[in-house]
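A.B. asks: Dumping the structure here so I can ask a few things about it.
The values are calculated or read from the model by the stated rules, or taken from the named source; none is laboratory data. Everything numeric in this text was worked out from a predicted model, so none of it was measured. Cβ atoms come from the backbone with ideal geometry, glycine included; neighbour counts cover every protein chain shown. Keep in mind that these areas ignore ligands, DNA and RNA; they rest on the heavy atoms of the full protein, side chains included. Shrake-Rupley method; radii C 1.70, N 1.55, O 1.52, S 1.80 Å.
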Amino acid sequence: MNIGIDKIGFYAPAYYLDMTKLAEARGVDANKYTIGLGQDKMAVPPITQDTITMGANAAIKILSKADLESIDLVILGTESGIDQSKAGATTIHHMLGINPRARAIEMKQACYGATAGIQLAKGHVALNPTKKALVIASDISRYGLNSGGEPTQGAGAVAILIAADPKILILENDTSYFTDDILDFWRPNYSDFAFVDGKYSNEQYQRFFEEVYTDYMEKTQRSLDDFAAFTFHIPYSKMGLKALRTIADEEDHATLFKNFKDSTYYNRSVGNIYAGSLYLSLVSLLEKGSLHAGDRIGLFSYGSGAVGEFFSGILQPDYKNALVADHDEMLQKRTALNIKEYEAMFNASLIKDGSHQILDTRNESSDFYLKEVKHHQRIYNK
Ligand code: COA
(Lines give C-alpha, C1' and ligand atoms only; values in the text may rest on other atoms or scores of the structure.)
Protein backbone atom coordinates (compact mmCIF):
# COMPACT_ATOMS: atom_id res chain seq x y z
CA MET A 1 0.00 0.00 0.00
CA ASN A 2 1.26 3.49 -0.84
CA ILE A 3 0.99 5.99 2.00
CA GLY A 4 2.12 9.59 2.13
CA ILE A 5 1.27 13.26 1.93
CA ASP A 6 -2.22 13.85 0.58
CA LYS A 7 -2.40 17.57 1.44
CA ILE A 8 -0.02 20.13 2.91
CA GLY A 9 -0.28 23.80 3.83
CA PHE A 10 1.25 26.35 6.19
CA TYR A 11 0.36 29.37 8.26
CA ALA A 12 2.61 32.26 9.22
CA PRO A 13 1.66 35.11 11.57
CA ALA A 14 0.58 38.44 10.09
CA TYR A 15 3.72 40.40 11.04
CA TYR A 16 7.36 40.29 9.99
CA LEU A 17 10.65 42.02 10.54
CA ASP A 18 12.93 42.65 7.58
CA MET A 19 16.38 41.20 8.31
CA THR A 20 18.06 44.38 7.05
CA LYS A 21 16.21 46.34 9.76
CA LEU A 22 17.37 43.86 12.42
CA ALA A 23 20.94 44.07 11.10
CA GLU A 24 20.87 47.88 11.22
CA ALA A 25 19.56 47.88 14.80
CA ARG A 26 22.16 45.34 15.94
CA GLY A 27 25.06 47.05 14.16
CA VAL A 28 25.67 44.12 11.84
CA ASP A 29 26.33 44.12 8.09
CA ALA A 30 22.98 43.14 6.51
CA ASN A 31 24.77 40.71 4.16
CA LYS A 32 25.60 38.56 7.17
CA TYR A 33 21.90 37.82 7.57
CA THR A 34 20.75 37.82 3.94
CA ILE A 35 23.80 36.01 2.48
CA GLY A 36 25.70 34.58 5.47
CA LEU A 37 22.57 33.03 7.00
CA GLY A 38 20.39 33.24 3.89
CA GLN A 39 17.35 34.86 5.49
CA ASP A 40 15.33 37.87 4.25
CA LYS A 41 12.46 38.22 6.72
CA MET A 42 11.44 36.82 10.05
CA ALA A 43 7.83 36.12 11.02
CA VAL A 44 6.83 37.72 14.33
CA PRO A 45 3.83 36.30 16.21
CA PRO A 46 1.48 38.65 18.05
CA ILE A 47 0.49 37.61 21.57
CA THR A 48 -2.81 36.33 20.14
CA GLN A 49 -1.05 33.50 18.24
CA ASP A 50 0.42 30.44 19.91
CA THR A 51 1.34 26.95 18.72
CA ILE A 52 -2.29 25.85 18.98
CA THR A 53 -3.84 28.68 16.96
CA MET A 54 -1.09 28.60 14.35
CA GLY A 55 -1.51 24.86 13.97
CA ALA A 56 -5.28 25.15 13.56
CA ASN A 57 -4.84 28.07 11.14
CA ALA A 58 -2.55 25.94 8.98
CA ALA A 59 -4.85 22.93 9.04
CA ILE A 60 -8.12 24.69 8.26
CA LYS A 61 -6.70 25.85 4.93
CA ILE A 62 -6.30 22.30 3.64
CA LEU A 63 -9.03 20.14 5.16
CA SER A 64 -12.40 19.32 3.60
CA LYS A 65 -15.50 18.17 5.51
CA ALA A 66 -14.81 14.61 4.36
CA ASP A 67 -11.26 14.86 5.74
CA LEU A 68 -12.60 15.93 9.15
CA GLU A 69 -14.73 12.78 9.22
CA SER A 70 -11.98 10.39 8.18
CA ILE A 71 -9.18 11.77 10.36
CA ASP A 72 -8.83 9.60 13.46
CA LEU A 73 -5.35 10.60 14.55
CA VAL A 74 -4.15 14.15 15.28
CA ILE A 75 -0.50 14.69 16.15
CA LEU A 76 1.04 18.02 17.08
CA GLY A 77 4.82 18.09 16.76
CA THR A 78 6.12 21.04 18.76
CA GLU A 79 8.86 22.17 21.10
CA SER A 80 7.06 25.35 22.14
CA GLY A 81 3.84 23.80 23.38
CA ILE A 82 1.80 25.70 25.95
CA ASP A 83 1.15 22.97 28.51
CA GLN A 84 3.30 20.34 30.21
CA SER A 85 0.39 17.95 30.45
CA LYS A 86 -2.48 18.51 28.01
CA ALA A 87 -1.63 17.90 24.36
CA GLY A 88 -2.25 20.94 22.13
CA ALA A 89 -3.64 18.46 19.60
CA THR A 90 -6.75 18.00 21.76
CA THR A 91 -7.58 21.71 21.41
CA ILE A 92 -6.79 21.74 17.70
CA HIS A 93 -8.96 18.64 17.26
CA HIS A 94 -11.87 20.56 18.84
CA MET A 95 -11.22 23.82 16.95
CA LEU A 96 -11.29 22.06 13.60
CA GLY A 97 -14.33 19.94 14.40
CA ILE A 98 -12.62 16.61 13.79
CA ASN A 99 -14.53 13.37 14.33
CA PRO A 100 -14.50 12.66 18.12
CA ARG A 101 -13.47 9.02 17.58
CA ALA A 102 -9.87 10.09 17.17
CA ARG A 103 -6.58 9.97 19.05
CA ALA A 104 -4.89 13.31 19.76
CA ILE A 105 -1.33 13.60 21.06
CA GLU A 106 1.65 15.93 21.18
CA MET A 107 5.16 14.82 20.24
CA LYS A 108 8.41 16.42 21.29
CA GLN A 109 11.96 15.93 20.07
CA ALA A 110 13.06 19.46 19.19
CA CYS A 111 12.67 20.07 15.45
CA TYR A 112 12.22 16.34 14.78
CA GLY A 113 8.79 15.98 16.48
CA ALA A 114 6.67 16.25 13.33
CA THR A 115 8.81 13.71 11.48
CA ALA A 116 8.25 11.23 14.30
CA GLY A 117 4.56 12.09 13.97
CA ILE A 118 4.57 11.41 10.23
CA GLN A 119 6.22 8.02 10.67
CA LEU A 120 3.70 7.11 13.37
CA ALA A 121 0.87 8.32 11.14
CA LYS A 122 2.16 6.13 8.28
CA GLY A 123 2.01 3.08 10.51
CA HIS A 124 -1.48 4.04 11.64
CA VAL A 125 -2.77 4.38 8.07
CA ALA A 126 -1.10 1.08 7.12
CA LEU A 127 -3.27 -0.60 9.78
CA ASN A 128 -6.36 1.50 8.99
CA PRO A 129 -6.22 2.24 5.25
CA THR A 130 -9.55 4.11 5.07
CA LYS A 131 -8.49 6.53 7.82
CA LYS A 132 -6.39 9.68 7.62
CA ALA A 133 -3.96 11.25 10.06
CA LEU A 134 -3.39 14.95 10.57
CA VAL A 135 0.17 15.86 11.53
CA ILE A 136 0.84 19.46 12.49
CA ALA A 137 4.22 21.06 13.12
CA SER A 138 3.82 24.34 14.99
CA ASP A 139 6.45 26.41 16.78
CA ILE A 140 7.61 29.82 17.87
CA SER A 141 11.38 30.14 17.77
CA ARG A 142 12.69 32.52 20.45
CA TYR A 143 16.30 33.06 21.45
CA GLY A 144 15.95 36.54 22.93
CA LEU A 145 16.56 40.13 21.87
CA ASN A 146 20.24 40.85 21.13
CA SER A 147 21.12 37.14 21.43
CA GLY A 148 23.31 35.23 18.97
CA GLY A 149 20.32 33.23 17.79
CA GLU A 150 18.06 36.29 17.30
CA PRO A 151 18.45 36.41 13.49
CA THR A 152 17.33 32.78 13.30
CA GLN A 153 13.96 33.25 15.02
CA GLY A 154 10.56 32.86 13.35
CA ALA A 155 7.09 31.40 13.86
CA GLY A 156 4.61 29.32 11.93
CA ALA A 157 2.93 25.98 11.42
CA VAL A 158 2.68 23.34 8.70
CA ALA A 159 -0.29 20.97 8.47
CA ILE A 160 0.11 17.63 6.69
CA LEU A 161 -2.60 15.12 5.88
CA ILE A 162 -1.28 11.55 5.73
CA ALA A 163 -3.41 9.07 3.76
CA ALA A 164 -3.32 5.97 1.56
CA ASP A 165 -2.89 6.64 -2.17
CA PRO A 166 -1.79 10.22 -1.48
CA LYS A 167 -2.20 12.94 -4.08
CA ILE A 168 1.14 14.67 -3.47
CA LEU A 169 4.00 12.48 -2.25
CA ILE A 170 4.29 8.75 -1.54
CA LEU A 171 6.60 8.34 1.44
CA GLU A 172 8.87 5.41 0.76
CA ASN A 173 9.50 2.89 3.52
CA ASP A 174 13.26 3.28 3.10
CA THR A 175 14.48 5.45 5.93
CA SER A 176 17.50 5.83 8.15
CA TYR A 177 17.49 7.35 11.63
CA PHE A 178 20.09 8.05 14.28
CA THR A 179 20.07 9.16 17.92
CA ASP A 180 22.84 10.52 20.15
CA ASP A 181 22.49 12.19 23.55
CA ILE A 182 24.04 15.64 23.02
CA LEU A 183 23.34 19.19 24.25
CA ASP A 184 23.54 21.45 21.22
CA PHE A 185 20.20 23.20 21.79
CA TRP A 186 17.78 22.91 24.68
CA ARG A 187 15.15 24.84 26.66
CA PRO A 188 14.78 24.07 30.36
CA ASN A 189 11.22 24.19 31.72
CA TYR A 190 11.89 27.47 33.53
CA SER A 191 13.05 29.34 30.45
CA ASP A 192 11.04 31.09 27.74
CA PHE A 193 14.11 31.18 25.55
CA ALA A 194 16.08 28.38 23.96
CA PHE A 195 19.76 27.95 24.73
CA VAL A 196 21.95 27.02 21.82
CA ASP A 197 25.60 26.33 21.21
CA GLY A 198 25.40 27.61 17.65
CA LYS A 199 28.69 26.35 16.24
CA TYR A 200 28.36 22.96 17.93
CA SER A 201 24.76 22.54 16.73
CA ASN A 202 25.93 23.27 13.19
CA GLU A 203 28.62 20.60 13.44
CA GLN A 204 26.21 18.07 14.91
CA TYR A 205 23.62 18.77 12.22
CA GLN A 206 26.22 17.99 9.55
CA ARG A 207 27.41 14.89 11.43
CA PHE A 208 23.88 13.52 11.75
CA PHE A 209 23.21 14.23 8.08
CA GLU A 210 26.30 12.29 7.06
CA GLU A 211 25.30 9.39 9.34
CA VAL A 212 21.77 8.95 8.02
CA TYR A 213 22.42 9.86 4.40
CA THR A 214 25.29 7.37 4.12
CA ASP A 215 23.30 4.64 5.88
CA TYR A 216 20.25 5.25 3.66
CA MET A 217 22.35 5.06 0.49
CA GLU A 218 24.05 1.85 1.62
CA LYS A 219 20.77 0.21 2.57
CA THR A 220 18.93 1.22 -0.62
CA GLN A 221 21.89 1.00 -3.02
CA ARG A 222 20.77 4.36 -4.43
CA SER A 223 23.00 7.23 -5.47
CA LEU A 224 22.74 11.00 -5.88
CA ASP A 225 21.40 10.53 -9.42
CA ASP A 226 18.29 8.80 -8.05
CA PHE A 227 17.18 12.10 -6.52
CA ALA A 228 15.61 15.09 -8.23
CA ALA A 229 15.84 17.27 -5.12
CA PHE A 230 16.80 17.36 -1.46
CA THR A 231 14.98 19.20 1.28
CA PHE A 232 16.46 19.87 4.68
CA HIS A 233 15.53 21.03 8.12
CA ILE A 234 16.49 24.66 7.67
CA PRO A 235 16.61 26.88 10.79
CA TYR A 236 18.20 29.28 8.29
CA SER A 237 18.65 28.47 4.65
CA LYS A 238 22.47 28.46 4.64
CA MET A 239 22.45 25.43 6.96
CA GLY A 240 20.75 23.24 4.35
CA LEU A 241 22.95 24.60 1.60
CA LYS A 242 26.04 23.56 3.56
CA ALA A 243 24.65 20.04 3.97
CA LEU A 244 23.87 19.77 0.25
CA ARG A 245 27.43 20.86 -0.55
CA THR A 246 28.76 17.87 1.40
CA ILE A 247 27.12 15.46 -1.05
CA ALA A 248 26.98 17.37 -4.34
CA ASP A 249 29.20 19.65 -6.34
CA GLU A 250 27.57 22.90 -7.48
CA GLU A 251 28.99 22.73 -11.02
CA ASP A 252 28.14 19.10 -11.71
CA HIS A 253 24.72 19.13 -10.05
CA ALA A 254 23.35 22.57 -10.90
CA THR A 255 19.76 21.29 -10.97
CA LEU A 256 19.99 20.01 -7.39
CA PHE A 257 21.16 23.45 -6.28
CA LYS A 258 18.43 25.19 -8.29
CA ASN A 259 15.86 22.90 -6.67
CA PHE A 260 17.39 23.58 -3.27
CA LYS A 261 17.00 27.32 -3.88
CA ASP A 262 13.33 26.79 -4.75
CA SER A 263 12.97 24.79 -1.53
CA THR A 264 14.02 27.79 0.57
CA TYR A 265 11.49 30.22 -0.92
CA TYR A 266 9.08 30.45 2.03
CA ASN A 267 11.70 29.71 4.70
CA ARG A 268 13.65 32.83 3.71
CA SER A 269 10.57 34.96 4.47
CA VAL A 270 9.26 33.15 7.53
CA GLY A 271 12.41 32.19 9.43
CA ASN A 272 12.90 29.25 11.72
CA ILE A 273 9.71 27.40 12.59
CA TYR A 274 11.54 24.51 14.28
CA ALA A 275 9.44 21.34 13.77
CA GLY A 276 7.89 22.70 10.59
CA SER A 277 11.06 23.98 8.91
CA LEU A 278 11.69 20.86 6.82
CA TYR A 279 8.05 20.78 5.73
CA LEU A 280 7.97 24.51 4.95
CA SER A 281 10.90 23.76 2.70
CA LEU A 282 8.95 20.92 1.09
CA VAL A 283 5.97 23.25 0.47
CA SER A 284 8.35 25.77 -1.12
CA LEU A 285 9.78 23.12 -3.43
CA LEU A 286 6.37 21.74 -4.39
CA GLU A 287 4.92 25.16 -5.15
CA LYS A 288 7.91 27.02 -6.58
CA GLY A 289 9.93 24.18 -8.09
CA SER A 290 9.48 22.49 -11.43
CA LEU A 291 9.63 18.83 -10.47
CA HIS A 292 7.74 16.09 -12.29
CA ALA A 293 5.61 13.11 -11.34
CA GLY A 294 7.85 10.20 -10.42
CA ASP A 295 10.68 12.42 -9.17
CA ARG A 296 12.27 11.32 -5.90
CA ILE A 297 12.75 13.91 -3.14
CA GLY A 298 15.12 13.32 -0.21
CA LEU A 299 14.17 14.74 3.18
CA PHE A 300 16.57 15.34 6.06
CA SER A 301 15.00 15.93 9.45
CA TYR A 302 17.07 17.00 12.47
CA GLY A 303 16.01 17.69 16.03
CA SER A 304 18.69 18.88 18.43
CA GLY A 305 19.40 16.76 21.41
CA ALA A 306 19.51 14.88 18.97
CA VAL A 307 17.73 12.71 16.40
CA GLY A 308 18.28 12.78 12.65
CA GLU A 309 16.42 10.97 9.89
CA PHE A 310 16.82 10.76 6.13
CA PHE A 311 13.87 9.46 4.14
CA SER A 312 12.41 9.88 0.68
CA GLY A 313 9.24 10.34 -1.29
CA ILE A 314 7.98 9.99 -4.85
CA LEU A 315 6.00 12.83 -6.44
CA GLN A 316 2.54 11.95 -7.67
CA PRO A 317 0.82 12.89 -10.97
CA ASP A 318 -1.07 16.19 -10.67
CA TYR A 319 0.58 16.99 -7.36
CA LYS A 320 0.47 20.69 -8.25
CA ASN A 321 -3.35 20.56 -8.37
CA ALA A 322 -3.42 19.12 -4.86
CA LEU A 323 -1.64 22.19 -3.44
CA VAL A 324 -4.67 24.06 -2.24
CA ALA A 325 -3.66 27.07 -0.17
CA ASP A 326 -2.48 30.46 -1.49
CA HIS A 327 0.61 31.04 0.61
CA ASP A 328 2.07 33.92 -1.39
CA GLU A 329 -1.09 35.93 -0.82
CA MET A 330 -0.92 35.26 2.93
CA LEU A 331 2.67 36.48 3.12
CA GLN A 332 2.00 39.51 0.93
CA LYS A 333 -0.75 40.64 3.30
CA ARG A 334 1.62 40.70 6.29
CA THR A 335 2.47 43.93 8.08
CA ALA A 336 6.11 45.03 8.27
CA LEU A 337 7.30 45.97 11.76
CA ASN A 338 9.95 48.49 12.69
CA ILE A 339 12.46 47.44 15.33
CA LYS A 340 10.54 49.10 18.20
CA GLU A 341 7.31 47.37 17.22
CA TYR A 342 9.13 44.04 16.89
CA GLU A 343 10.72 44.39 20.32
CA ALA A 344 7.39 45.35 21.89
CA MET A 345 5.66 42.35 20.28
CA PHE A 346 8.51 40.09 21.38
CA ASN A 347 8.31 41.32 24.98
CA ALA A 348 4.52 41.11 25.30
CA SER A 349 3.61 38.31 27.67
CA LEU A 350 0.58 36.54 29.07
CA ILE A 351 -0.18 36.87 32.76
CA LYS A 352 0.85 33.95 34.93
CA ASP A 353 -0.98 34.69 38.19
CA GLY A 354 -4.40 33.31 37.29
CA SER A 355 -6.04 36.72 36.93
CA HIS A 356 -8.14 37.67 33.93
CA GLN A 357 -6.36 39.08 30.86
CA ILE A 358 -8.37 40.19 27.84
CA LEU A 359 -6.23 40.54 24.74
CA ASP A 360 -6.61 43.18 22.07
CA THR A 361 -7.80 41.15 19.07
CA ARG A 362 -8.92 44.05 16.86
CA ASN A 363 -6.11 43.41 14.37
CA GLU A 364 -6.65 39.65 14.23
CA SER A 365 -7.87 38.36 10.90
CA SER A 366 -6.76 34.73 11.29
CA ASP A 367 -9.38 32.02 11.60
CA PHE A 368 -8.18 31.12 15.10
CA TYR A 369 -6.65 33.31 17.79
CA LEU A 370 -6.25 33.62 21.53
CA LYS A 371 -8.59 36.14 23.10
CA GLU A 372 -8.37 35.73 26.88
CA VAL A 373 -6.50 34.07 29.70
CA LYS A 374 -8.57 33.32 32.78
CA HIS A 375 -8.03 31.01 35.77
CA HIS A 376 -4.80 29.82 34.11
CA GLN A 377 -6.75 28.73 31.01
CA ARG A 378 -6.33 30.01 27.48
CA ILE A 379 -9.61 30.95 25.82
CA TYR A 380 -9.72 30.96 22.03
CA ASN A 381 -12.25 32.35 19.59
CA LYS A 382 -14.56 29.65 18.33
N1 COA B 1 28.56 39.06 4.39
C2 COA B 1 28.30 37.77 4.04
N3 COA B 1 28.41 36.72 4.90
C4 COA B 1 28.79 36.99 6.17
C5 COA B 1 29.06 38.32 6.59
C6 COA B 1 28.93 39.37 5.63
N7 COA B 1 29.16 40.65 5.96
N8 COA B 1 29.40 38.27 7.89
C9 COA B 1 29.34 36.96 8.27
N10 COA B 1 28.97 36.21 7.24
C11 COA B 1 28.76 34.76 7.21
C12 COA B 1 29.82 33.96 7.93
O13 COA B 1 30.94 33.72 7.11
C14 COA B 1 29.05 32.69 8.26
O15 COA B 1 28.96 31.89 7.11
P16 COA B 1 29.52 30.38 7.14
O17 COA B 1 28.75 29.69 8.23
O18 COA B 1 29.21 29.86 5.78
O19 COA B 1 30.96 30.48 7.45
C20 COA B 1 27.64 33.20 8.54
O21 COA B 1 27.57 34.50 7.95
C22 COA B 1 27.32 33.32 10.01
O23 COA B 1 28.35 34.02 10.60
P24 COA B 1 28.86 33.65 12.06
O25 COA B 1 30.02 34.50 12.38
O26 COA B 1 29.04 32.16 12.16
O27 COA B 1 27.58 34.11 12.89
P28 COA B 1 27.27 34.01 14.43
O29 COA B 1 28.49 33.76 15.25
O30 COA B 1 26.47 35.23 14.72
O31 COA B 1 26.34 32.71 14.57
C32 COA B 1 24.49 31.21 14.22
C33 COA B 1 25.34 32.36 13.64
C34 COA B 1 23.61 30.67 13.12
C35 COA B 1 25.41 30.10 14.71
C36 COA B 1 23.62 31.75 15.38
O37 COA B 1 22.72 32.70 14.86
C38 COA B 1 22.85 30.67 16.09
O39 COA B 1 23.37 30.08 17.03
N40 COA B 1 21.58 30.38 15.68
C41 COA B 1 20.84 29.26 16.13
C42 COA B 1 21.31 28.02 15.40
C43 COA B 1 20.28 26.96 15.42
O44 COA B 1 19.19 27.25 15.07
N45 COA B 1 20.66 25.75 15.87
C46 COA B 1 19.73 24.73 16.25
C47 COA B 1 18.97 24.13 15.19
S48 COA B 1 19.73 22.89 14.28
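A.B. asks: Given a 1.4 Å probe and the protein chains all in place, what does the accessible area of residue 79 round to, in Å² to the nearest 10?
C.D. replies: 30 Å²
A.B. asks: Go through 144-155, 352-363, 52-63 and give me the packing order, highest mean Cβ count within 10 Å leading.
C.D. replies: Per-residue mean Cβ counts within 10 Å order the peptides as 52-63, 144-155, 352-363.
A.B. asks: Pop a pseudo-label 7 angstrom from the Cα along the beta-carbon direction at both residue 365 and residue 324 and give the gap in nm to one decimal.
C.D. replies: 2.2 nm
A.B. asks: Now for a separate question. State which entries of 61/382; 238/258; 108/242; 7/122 exceed 18 angstrom in Cα-Cα distance in the structure shown.
C.D. replies: The pairs that break the limit, which is 18 Å between Cα atoms, are 108/242.
A.B. asks: Which length gain, in nm to one decimal place, applies between residue 174 and residue 356 when the Cα-Cα distance is subtracted from 0.36 nm times their residue separation?
C.D. replies: 60.4 nm
A.B. asks: With all protein chains present, how much of the accessible area of segment 241-282 (probe radius 1.4 Å) comes from carbon and sulfur, to the nearest whole percent?
C.D. replies: In segment 241-282, the share of accessible area belonging to carbon and sulfur is 48 percent.
A.B. asks: Turning to a different aspect of this structure: Treat every Asp and Glu Cβ in the chain as -1 and every Lys and Arg Cβ as +1, leave all other atoms uncharged, and give the resulting dipole magnitude about the Cα centre to the nearest 20 debye.
C.D. replies: Roughly 1040 debye for the chain.
A.B. asks: Further, regarding this structure: What is the spin-label model distance, in nm, from residue 339 to residue 145 if the labels are put 7 Å beyond Cα along the C-beta direction?
C.D. replies: With each label point 7 Å from Cα toward Cβ, the separation is 1.1 nm.
A.B. asks: Here's something else I'd like to know. Using a 1.4 angstrom probe on the protein heavy atoms only, line up 345, 239 by accessible area, largest first.
C.D. replies: Largest to smallest exposure gives the sequence 345, 239.
A.B. asks: Just grab the label-to-label distance for residue 372 and residue 255, each label 7 Å out from Cα along the Cβ direction, in nm (one decimal).
C.D. replies: In this crude spin-label approximation the distance works out to 5.8 nm.
A.B. asks: Moving on. What does the charge count near residue 85 come to, summing +1 for each Lys or Arg and -1 for each Asp or Glu among other residues with Cβ under 14 Å from its Cβ?
C.D. replies: Around residue 85, the charge tally is +1.
A.B. asks: Please give me the summed charge of the neighbours of residue 41: other residues whose Cβ is under 10 Å from its Cβ, Lys and Arg +1, Asp and Glu -1.
C.D. replies: +1
A.B. asks: Normalise the Cα radius of gyration of the chain by 2.2 N^0.38 Å (N = residues in it) and let me know the number.
C.D. replies: With N residues counted in the chain, Rg over 2.2 N^0.38 Å equals 0.93.
A.B. asks: Further question on the same structure: If you restrict to DSSP beta bridges whose two residues both lie in the chain, what percentage is antiparallel, to the nearest 5?
C.D. replies: Restricted to the chain, the bridges split so that about 75 percent are antiparallel.
A.B. asks: For the chain, with the dipole built from +1 on Lys and Arg beta-carbon atoms and -1 on Asp and Glu ones, taken about the Cα centre, which of 292, 130, 201 lies farthest toward the positive end?
C.D. replies: The residue sitting farthest along the positive end of the dipole is 130.
A.B. asks: Oh, and also: What accessible area per residue comes out for the chain, rounded to a whole number of Å², with a 1.4 Å probe?
C.D. replies: Dividing the accessible area of the chain by its residue count gives 43 Å².
A.B. asks: Just tell me which aspartates and glutamates come within less than 19 Å, Cα to Cα, of residue 340; anything on the same chain fewer than 8 places away is out.
C.D. replies: 18, 24, 40, 150, 360
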